[in-house]
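Just below is one structure, and these are the notes that go with it.
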Amino acid sequence: MCFPVFSGFMGGGLWIFPLFGLIIMTLFLLLLFRLLTGRDRWGGPFCGTAYGGEGAASPADIARRRYARGEIGKEELDDILAAVGR
């Protein structure tokens, strides 16, 4: 007994393998592009911020931002600044 859905060249589910190949090739090309250009999807450098900002902030800057947001108190800010030397 022959079922038309499961017979023929790609009727038995073999159609999925070219789709996997296309997905893998696309991922490889995206990785290659990122490695060659040194940029991520949003245009920023890999080692900087995700959206192309100024790069990594110093510990003192991070502590000052946390103090400005109210996450830490004045004493803790002073301790952090003394520990990092600023």
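The values are calculated or read from the model by the stated rules, or taken from the named source; none is laboratory data. These figures come from a predicted structure and were not determined experimentally. Cβ: placed from backbone, ideal geometry, glycine included. Neighbour counts: every protein chain shown.
Worth a mention:
- Residue 70 meets all of the listed conditions (1) small (Gly, Ala, Ser); (2) modelled with pLDDT of 90 or more; (3) surrounded by 10 or more Cβ atoms within 10 Å (Cβ to Cβ) but one, namely (3).
- Meets criteria (at pLDDT 65 or above and not basic (Lys, Arg)) for residue 9: no
- The residues of segment 47-67 include none that are part of a helix (DSSP H, G or I) and modelled with pLDDT under 65.
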